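Everything on this sheet refers to the single structure shown next.
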Amino acid sequence: MVMNKITHAVTSKELLSVRIILFMAFLGHALVSLHVSEGYNLHYKIFSSVNIFDLDVEQALRVFGIFDLTMAFLFLLNIFIKYIAPIAIIYLLVVGVSGGVFFMQKTGGLFGVAELFRRVPWMFCSLFTWYITVKQRKLHYLLRVGIAFAFIAHGLASLGFFGLNGGHVELASKILSEEAASKFVYWSGITDSIMGVMLMSGLLSRWAAILGTVWLAFIVFLSVQVGIPEGIFRTGFFLMCLYVAMDKRCHSWKFENTLIIHNQL
């Protein structure tokens with residue numbers, strides 16, 4: 001009974017729930033770019049790989065950090081959603097492509113799609129908020145497909161395909177030896193890929209979301225050992241997967257029309 005009430009309270013306020021998810025994602029990313037975490041070094045390298053205008057990297061990352069922070073609070077406070085959601089989608093696409101370019105430069109590989117896929121969940125969350133605010137449609141399946149991209153990205157990268165797994169090994173090394181961590185990441189890549197495909201297709205997707213939520217809770221725990229911003233950022237993934245697990249509407253390809261959205265503060 002209590003769980004049903006919690007589920008109803010969360011899923012009846014889907015716009016607020018997704019805005020909180022986006023807040024966590026942008027806040028965590030902002031703190032890293034503002035050099036609050038060791039993850040700053042990765043942001044530095046990624047920006048340097050696409051810095052065609054020879055900008056000062058530290059100042060540029062500071063600007064991006066402030067931009068991320070601004071976006072986080074605009075989403076949280078429900079300000080100008082119809083305008084900031086498209087901006088967020090374009091921005092995340094650019095960041096994803098930059099990650100792919102960094103992968104290609106670092107490995108010599110031709111494709112870095114896993115690095116782009118990592119940003120798709122936030123793109124789909126932004127699109128979800130835009131559809132509710134502007135089109136008055138609730139496309140819940142966007143959330144399921146979005147988190148599916150996260151699992152597929154993590155799975156491919158962990159398996160050594162189209163993405164970097166150094167961060168994954170670093171997390172696993174918090175509780176395992178380096179050799180054991182590498183093996184653990186490889187096998188987790190297989191399970192992540194399977195869960196991603198299940199979520200993408202809708203095949204037993206709710207069960208996949210439940211298992212994914214438990215797995216992501218563990219990932220958040222490990223992430224906090226690396227740095228608080230990483231924990232905040234990955235909490236966004238956890239909350240998104242938790243919402244998909246709780247809301248049955250995410251597991252259908254249908255959409256709802258809504259005329260009452262202003263009460264979702």
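The values are calculated or read from the model by the stated rules, or taken from the named source; none is laboratory data. Everything numeric here is computed off the predicted structure, so don't read it as measured data. All Cβ positions, glycine included, derive from the backbone under ideal geometry; neighbour counts span all protein chains shown.
At a glance:
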quantity: ILE90, sole failed condition from (1) aliphatic (A, V, I, L, M); (2) touching a residue at least 40 places away in the same chain (Cβ under 8 Å); (3) exposed (fewer than 13 other Cβ atoms within 10 Å of the Cβ); calculated: (2)
quantity: Test: SER98 is outside any helix (DSSP H, G or I), surrounded by 14 or more Cβ atoms within 10 Å (Cβ to Cβ) and modelled with pLDDT under 95; calculated: no
quantity: Cross-chain or 6+ apart pairs with Cβ under 9 Å, region 185-214 first and within 18 Å of CYS250 (Cα to Cα), then among the β-branched types (Val, Ile, Thr) and surrounded by fewer than 17 Cβ atoms within 10 Å (Cβ to Cβ); calculated: LEU203/VAL197; ALA208/ILE194; ALA208/VAL197; LEU211/THR191
quantity: Qualifying positions in region 106-125 - in a helix (DSSP H, G or I) and either touching a Lys or Arg at 6+ places or on another chain (Cβ under 9 Å) or modelled with pLDDT of 80 or more (or both); calculated: LYS106, VAL113, ALA114, GLU115, LEU116, PHE117, VAL120, PRO121, TRP122, MET123, PHE124, CYS125
quantity: Unique match (being exposed (fewer than 14 other Cβ atoms within 10 Å of the Cβ), closer than 24 Å to LEU142 by Cβ and among the charged types (D, E, K, R)) among LYS45, LYS82; calculated: LYS82
quantity: Members of region 12-61 found to be assigned to a helix (DSSP H, G or I) and among the aromatic types (Phe, Trp, Tyr), listed by number; calculated: PHE23, PHE26, TYR40, TYR44, PHE47
quantity: Set PHE184, PHE255: member being under 26 Å from LYS13 (Cα atoms) and surrounded by 15 or more Cβ atoms within 10 Å (Cβ to Cβ); calculated: PHE255
quantity: Criterion violated by CYS250 - all others in (1) in contact (Cβ under 8 Å) with a residue 60 or more places away in the chain; (2) farther than 18 Å from TRP122 by Cα satisfied; calculated: (2)
quantity: Residue within region 5-17 that is crowded, with 19+ Cβ neighbours inside 10 Å, over 28 Å from LYS82 (Cβ atoms) and modelled with pLDDT under 95 present; calculated: no
quantity: Residue pairs meeting the criteria (Cβ under 6 Å; at least 6 apart or on separate chains; first polar (S, T, N, Q), in region 126-153; second assigned to a helix (DSSP H, G or I)); calculated: SER126/ALA85; SER126/ALA88; SER126/ILE89; THR129/VAL18; THR129/ILE81; THR129/ALA85; THR133/ILE81; THR133/LYS82
quantity: Every pair of residues 6+ apart whose Cβ atoms lie under 9 Å, when the first sits in region 75-86 and is within 14 Å of VAL18 (Cβ to Cβ) while the second is among the hydrophobic types (A, V, I, L, M, F, W, C) and assigned to a loop (DSSP other than H, G, I, E, B); calculated: ASN78/LEU265
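Yes/no per residue for (1) closer than 26 Å to LEU16 by Cβ; (2) buried (at least 17 other Cβ atoms within 10 Å of the Cβ):
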site: ASP56; (1), (2): no, no
site: ALA60; (1), (2): no, yes
site: LEU69; (1), (2): yes, yes
site: LEU116; (1), (2): no, yes
site: PHE124; (1), (2): yes, yes
